[in-house]
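The values are calculated or read from the model by the stated rules, or taken from the named source; none is laboratory data. If you're wondering where the values come from, they're calculated on a predicted model, not measured in any experiment. Positions of Cβ are backbone-derived with ideal geometry, glycine not excepted, and every protein chain shown enters the neighbour counts.
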Amino acid sequence: MPIETLQETEGIAEVVIDHPPVNALDVAGWFALAEALLSAGRVQSNRVVVLRALGRGFCAGVDIKEIQAKGDEALVGVNRGCAAAFAAVYECEVPVIAAVQGFCLGGGIGLCGNADIVVAAEDATFGLPEVDRGALGAATHLARLVPQHKMRQMVYTATPVPAAELAAFGSVARVVPLEQLRETALEIARDIAEKSPSIIRRAKESLNGIDPVDVKRSYRYEQGFTYELHVRGVADEQRRAFVEKRDADTSR
């Protein structure tokens, strides 16, 4: 299974993404991740969830090959799956700490942007390659990690940035060597786990309640433009080029 839940420390659940080669999730994987996160939060003895990954990177987003093979059905499914997973991070009843290594792209940004706390390995990079893939989305979540003009630059150029840059903005709590990443996330998690579970759960609910942006509605608005690009056929060329490992025709 690409998603596993570990319960090794009292009060702390670890939800682990393990889907080689690059942790790009298919439709089923996104929904499985959503269910794992929500389920971990429902366990009353849990006070915090650590979301992390194994392998080369945290998450490379959606499985574009699945979309190319299955067409409209997969596109609709993966967009709904991403929306469900991003919402699950946000609506998890307890705080979620994202521990990021290697690349964090596309859907990975959606997960981190909705997390309560982000820690990163020194090799971590964050980016939205959507414009190069014929899609839009997760700018909603990127805007929670970087300032407005930086977010726009990253969307338009599809250029990733290192974790140290996000740390300078205050959106990454700590940047550490890769071998210290899990322990750093657990160190922060243990600090939260020492608090009153009732108060921590109400704190999460209250902070969501004062959020100035409805992240679920904002993301679904973005996805409407992904469907438009797909219907017009522009997205097909971008996805084919990615699968075929060539430069896309950008004349349209």
How many residues are farther than 15 Å from ILE97 by Cα and assigned to a loop (DSSP other than H, G, I, E, B) if we restrict to region 156-193?
4
Residue check: is ALA158 of a type in the set (A, V, I, L, M, F, W, C), touching a residue at least 40 places away in the same chain (Cβ under 8 Å) and touching a strand residue (DSSP E or B) at 6+ places or on another chain (Cβ under 9 Å)?
no
Can you pull out every residue in region 165-182 that is acidic (Asp, Glu) and surrounded by 13 or more Cβ atoms within 10 Å (Cβ to Cβ)?
GLU165
Kindly indicate whether ALA36 is farther than 22 Å from ALA121 by Cα, under 12 Å from the mean Cα position of the chain (by Cα), modelled with pLDDT of 95 or more and hydrophobic (A, V, I, L, M, F, W, C).
no
Check off (1) modelled with pLDDT under 95; (2) of a type in the set (Lys, Arg); (3) buried (at least 22 other Cβ atoms within 10 Å of the Cβ) for LYS65 and give me the number that stays unchecked.
(3)
Within region 16-30, the residues that are under 15 Å from PHE86 (Cα atoms), more than 13 Å from the chain's Cα centre (by Cα) and hydrophobic (A, V, I, L, M, F, W, C) are VAL27, ALA28
Give me the residue from region 207-252 that is in contact (Cβ under 8 Å) with a residue 24 or more places away in the chain and not in a helix (DSSP H, G or I) and, out of that set, surrounded by the most Cβ atoms within 10 Å (Cβ to Cβ).
ALA248
(1) outside any helix (DSSP H, G or I); (2) under 24 Å from ASN208 (Cα atoms) all hold for ASP123 apart from (2)
Residue in region 130-152 that is aliphatic (A, V, I, L, M), in contact (Cβ under 8 Å) with a residue 12 or more places away in the chain, in contact with a Pro (Cβ under 6 Å, 6 or more places away or on another chain) and part of a loop (DSSP other than H, G, I, E, B) present
no
If ALA163 satisfies every condition in (1) touching a residue at least 40 places away in the same chain (Cβ under 8 Å); (2) touching a Leu at 6+ places or on another chain (Cβ under 6 Å) but one, which is the exception?
(2)
Could you list, in sequence order, the residues of region 37-93 that are within 30 Å of GLU237 (Cα to Cα) and among the charged types (D, E, K, R)?
ARG56, ASP63, LYS65, GLU66, LYS70, ASP72, GLU73, ARG80
When you go through (1) of a type in the set (A, V, I, L, M); (2) out of contact with any Lys or Arg (no Cβ under 9 Å at 6 or more places or on another chain); (3) closer than 19 Å to CYS104 by Cα; (4) not in a strand (DSSP E or B) one by one for MET1, which number turns out not to apply?
(3)
So in region 39-84, with the set limited to residues that are assigned to a helix (DSSP H, G or I) and closer than 21 Å to ALA189 by Cα, which one is farthest from the chain's Cα centre (by Cα)?
ARG42
Inspect all residues belonging to region 38-49 and state whether any of them is within 22 Å of ALA163 (Cβ to Cβ), buried (at least 22 other Cβ atoms within 10 Å of the Cβ) and either touching a residue at least 40 places away in the same chain (Cβ under 8 Å) or among the hydrophobic types (A, V, I, L, M, F, W, C) (or both).
yes
Which listed residue, of GLY71, GLY11, is surrounded by fewer than 20 Cβ atoms within 10 Å (Cβ to Cβ), touching a helix residue (DSSP H, G or I) at 6+ places or on another chain (Cβ under 7 Å) and not polar (S, T, N, Q)
GLY11
Can you spot a residue in region 111-134 that is closer than 17 Å to ASP26 by Cβ and modelled with pLDDT of 95 or more?
yes
